[in-house]
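See below for the structure under consideration.
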Amino acid sequence: MFWFRREEQPAFVWKFTNIRSALFLRTDLLAVADDRQTTFRRFPDNQVLQTLPVGGYLALHPDRPLLAIGSWGTVWLYDPVSGERQATFNCWPRGDHVYPMSLAFSPDGSILAVSESHYSRGLEVQLWDVMSQQQIDSILLADPDATVIVALAFSPDGEHLVVGTNAGVWLVDVAQRTVSRQIQPRPSGSITFSPDGSRLVLGGKFIRVYDTATWQLAYEITFPEVLKDRITPEKFYIFSMNVTISPDGRWLATPNQKPPHDSTSFFESGPPRQTIALRNPTDGRRQRILSGSPISLGTLMFSPDGKWLLNVGLSDVRVWRVEN
């Protein structure tokens, strides 16, 4: 007798156009941004409650009602309650297109780290003081194999900033404003810490989990190799092998398999071909499988209460209930 693990279907699938990013403002309020605007939507019924006139890439202040929205080399700070703009950070000259930006508030909310994934910006991370609204420093990575920064994340204690490039992942000492070490010579576009800060998880061709006491590899999640994988650059996996940990530390969400190689359209319909695995963060063992996406997985994120998991793609948001 053969036993097959059942794939859990999403509770909701919402259609959008050209999503750039999304995040929870609170458990019952989701922000979704495209190139032109950011909408606040009641969760989980998806009713639009408010619209801000700018879109792009989002980050939420940990303590204050303050939403950062980045695009065109600029970051705007908005009060999500009143909808009023509070500040504008002119990070780089406006370009010809909207390029991906990474924004991250420090855990105490005093610093906003900003990068933009375009070769003209190089490997620069700008640090802005949130209170004074002034740039306080700029960190440049010396990575000869990389051209752009693709992800940022502060450690929960605020002592470190992890920076992912298209060639490797680096550790920055925030107080000293210096690069401490290279964590791995493999690219990662998805960086997450466990709530207690003891583990760092990096997405990529292999999912790697590091012990932050030593910054040494704790374990690795690998996927079955096929012939094409032997010649496919690891950079192929930067934006399709996303990871996240639930707020209570119970679940590690990762891809269940590698993304399909034969999909070039972001709008392909059909049954899921890259499913999601819910794992035990301690050892990476798979516990549940969610049905996933027809092409490749977008951003994975849990609701603040840990009851829901969202897969945010370019043209849809898929929502699973995970509390049970």
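Numbers for the structure displayed
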{"read-out": "Condition check for S188: among the small types (G, A, S), in contact with a strand residue (DSSP E or B) (Cβ under 6 Å, 6 or more places away or on another chain) and more than 30 Å from H261 (Cα to Cα)", "value": "no"}
{"read-out": "Complete set of residues in region 34-71 that are open to solvent by less than 50 Å² (accessible area, probe 1.4 Å), closer than 21 Å to F12 by Cβ and either at pLDDT below 95 or among the hydrophobic types (A, V, I, L, M, F, W, C) (or both)", "value": "F40, F43, L58"}
{"read-out": "Region 26-63: number of residues that are more than 21 Å from the chain's Cα centre (by Cα) and either among the β-branched types (V, I, T) or within 19 Å of A113 (Cβ to Cβ) (or both)", "value": "2"}
{"read-out": "Pairs, first modelled with pLDDT under 95 in region 83-112, second acidic (D, E), C-beta under 6 Å, six or more apart", "value": "V98/D35; Y99/E116"}
{"read-out": "Test for S293: is it open to solvent by 70 Å² or more (accessible area, probe 1.4 Å), modelled with pLDDT under 95 and more than 12 Å from R250 (Cα to Cα)", "value": "no"}
{"read-out": "Candidates A175, A142, A213, filtered to the one that is more than 19 Å from the chain's Cα centre (by Cα), at pLDDT below 95, over 24 Å from K258 (Cβ atoms) and not polar (S, T, N, Q)", "value": "A142"}
{"read-out": "Single unsatisfied condition, W76 versus (1) under 20 Å from L123 (Cβ atoms); (2) within 20 Å of the chain's Cα centre (by Cα)", "value": "(1)"}
{"read-out": "Residue in region 72-87 that is open to solvent by 70 Å² or more (accessible area, probe 1.4 Å), more than 26 Å from S315 (Cα to Cα) and basic (K, R) present", "value": "yes"}
{"read-out": "Inter-residue pairs, beta-carbon under 9 Å, first within 20 Å of S188 (Cβ to Cβ) and assigned to a loop (DSSP other than H, G, I, E, B) and in region 252-272, second open to solvent by 70 Å² or more (accessible area, probe 1.4 Å) and modelled with pLDDT under 55, 6+ apart", "value": "none"}
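Conditions tested, residue by residue: (1) in contact (Cβ under 8 Å) with a residue 12 or more places away in the chain; (2) closer than 17 Å to L123 by Cβ; (3) among the hydroxyl-bearing types (S, T, Y).
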| position | (1), (2), (3) |
| --- | --- |
| S155 | yes, no, yes |
| L161 | yes, yes, no |
| G203 | yes, no, no |
| E220 | yes, no, no |
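The values are calculated or read from the model by the stated rules, or taken from the named source; none is laboratory data. Since the structure is predicted, the reported quantities are computational estimates derived from the model, not experimental observations. Cβ sites come from the backbone with ideal geometry, for glycine too, and all protein chains shown count toward neighbours. We work out accessible area using only protein heavy atoms, side chains counted, and drop any ligands, DNA or RNA first. Shrake-Rupley method; radii C 1.70, N 1.55, O 1.52, S 1.80 Å.
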